[in-house]
Ligand SMILES: [Zn+2]
């Protein structure tokens, strides 16, 4: 059952990007340099001598500033970026003009591969952020195995850009408050074109996963970076949603430099060096990413033991085209191990139903305080020609939904692989 749109036309993502005009490559670099002004940063190139293009540039993704740093690292070469449809919101003309490629997150987009190959065949750089969303915790997010196949298909060198400090500078869970942090970006050539031909898909993926390891809190500690702003912990309960003392979920809160559980009352301080410290008793996780990964483990267990399910009423907005979000009203969402996401509602007198099976969605597009519609947490379920932004009624659930999406995908994916290898 489709949504009963007045105008059912959808933005066409299946089109080739233009070649970026060279004056725009220059202009983007100038604007990036202006935005980087006053920010202590270093862009280091490793094993990149003589490499001009074409190549695939895979970058980790923590904040908007990533684009500016990539621009510094790649100038004067032309770069085409793969961008999610909400990046095109109200400025599709601009993104088309600079040669960006539009896609919908976590969908199967066959034309995307064609567009990527077209860019590379022109000798230019194709830049992708394969985690496809800002890292919630300054550590590696989900990397799809399809990357290995893409690299094998493209037969060009692969460069990995790893940004450090960008999460500390603008943590996804409090992106509006920027902090002063020295930034360090490395561009490293990981594979030559010959490697892409020689290595197996699994080998390529394994190398990629190693190259993509990063941890901003470790970077902070190793480099003695202090974040002294008094509100530094505000928002961190969005990713640290489960209390390690009483195990209650979704009852965490934060204020000033503190994180606390409203259920059992335990409190932790986010120290200036980025480590956590309990006000009383044991500090379960001094290292923020350890707490985050502990939560993931708990969700994984719930999924593996068949105990996981989620239902809620959500306020839905669709981004069918790039000019506006269409309010579709309230709808029911359910997320289960067998059926994935099911969204059911009624728009203009007709019922609609959208489903994404577990293997159709390997990770979840989550937004904290999403600026485009209303500044609260939401998540987006995309199909090949539509994107549904859902605002949950239940509080602080989107991080867990993200974990569950990845763990359910992993479970089904492993089953399929096991069957194939029999
Ligand atoms: Zn508690």
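The values are calculated or read from the model by the stated rules, or taken from the named source; none is laboratory data. Predicted, not measured: the structure shown is a model, and the values here were computed from it. Counting neighbours? That spans all protein chains shown, and the Cβs are built from the backbone with ideal geometry, glycine included.
Restricting to segment 136-152, and then to whatever is part of a loop (DSSP other than H, G, I, E, B) and in contact with a helix residue (DSSP H, G or I) (Cβ under 7 Å, 6 or more places away or on another chain), can you tell me which residue is surrounded by the most Cβ atoms within 10 Å (Cβ to Cβ)?
138
Conditions (1) surrounded by 16 or more Cβ atoms within 10 Å (Cβ to Cβ); (2) on the phi > 0 side of the Ramachandran plot, marked per residue:
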residue	(1), (2)
2	no, no
21	no, no
33	no, no
47	no, yes
75	yes, no
81	yes, no
96	yes, no
99	yes, yes
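Please note which strands (runs of 3 or more DSSP E) are completely contained in segment 12-86 and include at least 3 residues that are over 30 Å from residue 364 (Cβ atoms).
It comes to 41-46.
Restricted to segment 171-192, and to residues that are closer than 14 Å to residue 60 by Cβ and under 19 Å from the mean Cα position of the chain (by Cα), which residue is surrounded by the fewest Cβ atoms within 10 Å (Cβ to Cβ)?
172
Considering only segment 108-135, state which residues are within 19 Å of the chain's Cα centre (by Cα), assigned to a loop (DSSP other than H, G, I, E, B) and crowded, with 19+ Cβ neighbours inside 10 Å.
Those that are within 19 Å of the chain's Cα centre (by Cα), assigned to a loop (DSSP other than H, G, I, E, B) and crowded, with 19+ Cβ neighbours inside 10 Å: 109, 129, 130, 131, 132, 133, 134, 135.
Hey, does segment 375-382 have a residue that's in contact (Cβ under 8 Å) with a residue 24 or more places away in the chain, buried (at least 16 other Cβ atoms within 10 Å of the Cβ) and farther than 20 Å from residue 175 by Cβ?
yes
For segment 92-107, name all the residues that are more than 21 Å from the chain's Cα centre (by Cα) and either in a helix (DSSP H, G or I) or at pLDDT below 90 (or both).
93, 94, 96, 97
So for segment 320-329 (the condition being within 22 Å of the chain's Cα centre (by Cα), surrounded by 16 or more Cβ atoms within 10 Å (Cβ to Cβ) and under 30 Å from residue 411 (Cβ atoms)), does at least one residue qualify?
The answer is no, given that none of the residues of segment 320-329 is within 22 Å of the chain's Cα centre (by Cα), surrounded by 16 or more Cβ atoms within 10 Å (Cβ to Cβ) and under 30 Å from residue 411 (Cβ atoms).
Which of the residues that make up segment 273-295 are in contact (Cβ under 8 Å) with a residue 12 or more places away in the chain, away from the ligand (no atom under 16 Å from the Cβ) and more than 18 Å from residue 172 (Cα to Cα)?
Correct list: 273 only.
Out of all the residues in segment 153-170, is one or more out of contact with any helix residue (DSSP H, G or I) (no Cβ under 8 Å at 6 or more places or on another chain), farther than 19 Å from residue 290 by Cα and buried (at least 21 other Cβ atoms within 10 Å of the Cβ)?
Yes - at least one qualifying residue is present in segment 153-170.
Counting only residues that are away from the ligand (no atom under 14 Å from the Cβ) and at positive phi, how many does segment 249-272 have?
Total satisfying the criteria: 1.
On the basis of being free of Cβ contacts under 8 Å to residues at least 24 places away in the same chain, surrounded by fewer than 18 Cβ atoms within 10 Å (Cβ to Cβ) and within 14 Å of the ligand (Cβ to nearest atom), does residue 243 make the cut?
no
Residue under question is residue 196, and the condition is that it be touching a helix residue (DSSP H, G or I) at 6+ places or on another chain (Cβ under 6 Å), more than 26 Å from residue 267 (Cα to Cα) and either touching a residue at least 12 places away in the same chain (Cβ under 8 Å) or more than 16 Å from the ligand (Cβ to nearest atom) (or both); does it hold?
yes
Can you pull out every residue in segment 358-369 that is over 22 Å from residue 130 (Cβ atoms) and in contact with a strand residue (DSSP E or B) (Cβ under 6 Å, 6 or more places away or on another chain)?
Result: no residue meets the conditions.
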